[in-house]
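Participant: If you scroll down you'll find the structure; I have some questions about it.
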Amino acid sequence: MGKMADKLPYAKIALIAAVMLLGLSIVGSYNGLVQSQQLVQQKESQYGIALDLCSEKIAGIWTIFNRYVDHESDVFINTAKARSAFNDSIMQKSNPYDAGQSAGLIYANVRMVTESNPQLASALTAENSLASFQEAVNEIKTAADDWMVQVRKYNTQRNSFPDKIVGSWTGFPEEYPYYHPDRTKLNITDLMKI
């Protein structure tokens, strides 16, 4: 009986160590699931923010682009009107007073066009708009990719041992769904409207 009594404290210590190891494993698994779940939610939020901000950015890009195009269209129209007025004044040789008024109108139109538009910039604006548009699309894509990577990590962790057991005890979702976009939602013509 002496030898058995000597081994009893070691058995208790071994049992306590095993229980502590199991407890620490459960706590570690739980903490890992909490962190992973929070990262999935964070990445989903970042995707939503990128989508909202970049959608506004895209709308702004189109607005600026359309303003430049409209402005330059007006410039071309005014230039055509100025040329037309010049042609009309040449035709009015019989009445010098009307010809003088037309020449003044021509001068005013041409001066306005040249002073307000020393360099027409719609081609450069279009190029910059497309670059900004691509940047916005890349921001959205990067945020979506980060979100899906984190969903995959969570789903893998949640369904591996011992996280599967701990997750079911503590009510963590078995998996987060991957993003499934509504493929009929993206309408480029709506994006290009002012």
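What follows draws every value from the coordinates through simple rules; no lab data is involved. Source: prediction; values computed, not measured. Here the Cβ positions follow ideal geometry from the backbone for every residue, glycine too, while neighbour counts run over all protein chains shown.
Participant: Convert each backbone phi in the range 55-67 into a coupling constant with the Karplus relation 6.51 cos²θ - 1.76 cosθ + 1.60 (shift: θ = phi - 60°), then list the ³J(HN,Hα) values in order as whole Hz, x for Gly and Pro.
Facilitator: So the J values, rounded to whole Hz, are 5, 5, 4, 4, 4, x, 4, 5, 4, 4, 4, 5, 4.
Participant: Within a 10 angstrom radius of the beta carbon, how do ASP146, ASP70 rank from fewest other beta carbons to most? Display every interim value, and only then the final one.
Facilitator: Numbers: ASP146 17, ASP70 12.
Lowest to highest Cβ neighbour count: ASP70, ASP146.
Participant: Please order VAL166, VAL137 by the number of other Cβ within 10 Å, starting at the fewest.
Facilitator: VAL137, VAL166
Participant: Over what distance in Å are the Cα centres of the range 16-36 and the range 150-170 separated?
Facilitator: A separation of 13 Å, based on Cα centres.
Participant: Let me ask something else about it. Between TYR176 and residues 5 or more places away or on another chain, which pairs have amide H atoms under 5 Å apart, with H built 1.01 Å from N, and which residues are they?
Facilitator: ASN155
Participant: I've got another one for you. With a 10 Å Cβ neighbour count serving as the proxy for reagent exposure, in which order, fewest first, do PHE161, PHE172 appear?
Facilitator: Values: PHE161 8, PHE172 19.
The most exposed by this proxy come first: PHE161, PHE172.
Participant: Short version: ³J(HN,Hα) in whole Hz for each residue of the range 47-54, in order, from phi by Karplus 6.51 cos²θ - 1.76 cosθ + 1.60 (θ = phi - 60°), x for Gly and Pro, what are they?
Facilitator: Couplings: 5, x, 5, 4, 5, 5, 5, 6 Hz.
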